[in-house]
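Everything below concerns the one structure shown next.
The values are calculated or read from the model by the stated rules, or taken from the named source; none is laboratory data. Worth saying up front: this structure is predicted, and the values here are computed from it rather than measured. Note that we place each Cβ from the backbone using ideal geometry, even for glycine, and neighbour counts take in every protein chain shown.
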Amino acid sequence: MDFNLKTGIPGSESLIVSIADTATHYGSGLIEVFATPAMIGLMEKTAQLSIQHLLPDGFITLGTEVNVTHVKATPLGMKVSSTSELIGVDGKKLLFKVSAHDESGLIGEGTHKRYIVNAAEFMQKLKSGK
């Protein structure tokens, strides 16, 4: 199946850092700053939402690889914005450039791969153990 996705599709999402987004909450650190897992989750969400509306009914994307750096801490209450751009399409394999910024600048960047699947078929295979 050809999904007719073209490179250049942008995405953007944002959040205000809350306790639920912190390293202490995730268990990835001991201080209340924006957690690396939360940053990665926001980047994945940004990429996923940027193309979901372009897929046929019943199809979704699954994250398969993340290669990012987290270069700066962000405190509670600060806004974090994530951007994505679809930079590669190989059949069902998608490659995104992703970045995150807080109110004072870049906090993380890298690439993220996603794979297109039929959601019902994927869940059936998962349930059957195949």
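Taking the conditions exactly as written (touching a residue at least 40 places away in the same chain (Cβ under 8 Å), part of a strand (DSSP E or B) and hydroxyl-bearing (Ser, Thr, Tyr)), does Ser50 satisfy them or not? Write out each step before concluding.
Numbers: touching a residue at least 40 places away in the same chain (Cβ under 8 Å): yes; part of a strand (DSSP E or B): no; hydroxyl-bearing (Ser, Thr, Tyr): yes.
When the stated conditions are applied, Ser50 does not pass them.
Restricting attention to segment 76-93, and to residues there that are in contact with a Phe, Trp or Tyr (Cβ under 7 Å, 6 or more places away or on another chain) and assigned to a strand (DSSP E or B), which single residue is nearest to Thr46 (Cα to Cα)?
Taking segment 76-93 and keeping what is in contact with a Phe, Trp or Tyr (Cβ under 7 Å, 6 or more places away or on another chain), we get 80, 84-87, 92-93.
Now restrict to residues that are assigned to a strand (DSSP E or B): 80, 84-87, 93.
On the way: Val80: 12, Ser84: 6, Glu85: 9, Leu86: 11, Ile87: 14, Lys93: 17 Å.
Only one residue fits best here, namely Ser84.
Can we say Val98 is part of a strand (DSSP E or B), crowded, with 16+ Cβ neighbours inside 10 Å and touching a His at 6+ places or on another chain (Cβ under 9 Å)? I'd like the intermediate steps shown before the answer.
Numbers: part of a strand (DSSP E or B): yes; crowded, with 16+ Cβ neighbours inside 10 Å: yes; touching a His at 6+ places or on another chain (Cβ under 9 Å): yes.
Against the criterion (part of a strand (DSSP E or B), crowded, with 16+ Cβ neighbours inside 10 Å and touching a His at 6+ places or on another chain (Cβ under 9 Å)), Val98 qualifies.
What tally of residues in segment 101-117 results from selecting those that are among the hydroxyl-bearing types (Ser, Thr, Tyr) and part of a loop (DSSP other than H, G, I, E, B)? So that I can check it myself, show each step before the final result.
Start the filter on segment 101-117 by keeping residues that are among the hydroxyl-bearing types (Ser, Thr, Tyr), which leaves 104, 111, 115.
Pick out the ones that are also part of a loop (DSSP other than H, G, I, E, B) and you get 104.
Going through segment 101-117 one residue at a time, the tally reaches 1.
Evaluate segment 37-49: report whether one residue or more is over 18 Å from Val71 (Cα atoms) and modelled with pLDDT under 95.
The first filter runs over segment 37-49 and keeps only residues over 18 Å from Val71 (Cα atoms), leaving 45-49.
Cutting the leftovers down to modelled with pLDDT under 95 gives us none.
Checked against the condition, which is being over 18 Å from Val71 (Cα atoms) and modelled with pLDDT under 95, segment 37-49 yields no hits at all.
Condition test on Gly91, is it more than 19 Å from the chain's Cα centre (by Cα), closer than 23 Å to Thr7 by Cβ and loosely packed, with under 12 Cβ neighbours inside 10 Å? Explain how you work it out, then say what you get.
Numbers: more than 19 Å from the chain's Cα centre (by Cα): yes; closer than 23 Å to Thr7 by Cβ: yes; loosely packed, with under 12 Cβ neighbours inside 10 Å: yes.
Yes, satisfied.
Among the listed residues Ile19, Ile31, Ile9, which satisfies the condition of being more than 27 Å from Ile60 (Cα to Cα) and in contact with a Leu (Cβ under 8 Å, 6 or more places away or on another chain)? Let's see the steps before the verdict.
Values: Ile31 fails: in contact with a Leu (Cβ under 8 Å, 6 or more places away or on another chain); Ile9 fails: more than 27 Å from Ile60 (Cα to Cα).
Going through Ile19, Ile31, Ile9 in turn, the sole match is Ile19.
Before we move on, is Gly29 over 22 Å from Thr111 (Cβ atoms) and either in a loop (DSSP other than H, G, I, E, B) or at pLDDT 95 or above (or both)? Step through it out loud before you land on a result.
On the way: over 22 Å from Thr111 (Cβ atoms): yes; either in a loop (DSSP other than H, G, I, E, B) or at pLDDT 95 or above (or both): yes.
It is true that Gly29 is over 22 Å from Thr111 (Cβ atoms) and either in a loop (DSSP other than H, G, I, E, B) or at pLDDT 95 or above (or both).
Are there any pairs, at least 6 apart or on different chains, whose C-beta atoms fall under 7 Å, with the first in segment 103-124 and under 12 Å from Lys92 (Cβ atoms) and the second at pLDDT 95 or above and among the basic types (Lys, Arg), and if so, which?
Lys113/Lys93; Tyr115/Lys92; Tyr115/Lys93; Ile116/Lys92
I'd like the full set of residues that are polar (S, T, N, Q), in contact with a Phe, Trp or Tyr (Cβ under 8 Å, 6 or more places away or on another chain) and either more than 14 Å from Gly11 (Cβ to Cβ) or surrounded by fewer than 16 Cβ atoms within 10 Å (Cβ to Cβ) (or both), limited to segment 37-65.
Listed by number, the list holds a single entry, Thr64.
Could you please find all residues in segment 2-20 being part of a helix (DSSP H, G or I) and in contact (Cβ under 8 Å) with a residue 24 or more places away in the chain?
Hit for segment 2-20 is Ile19, nothing else.
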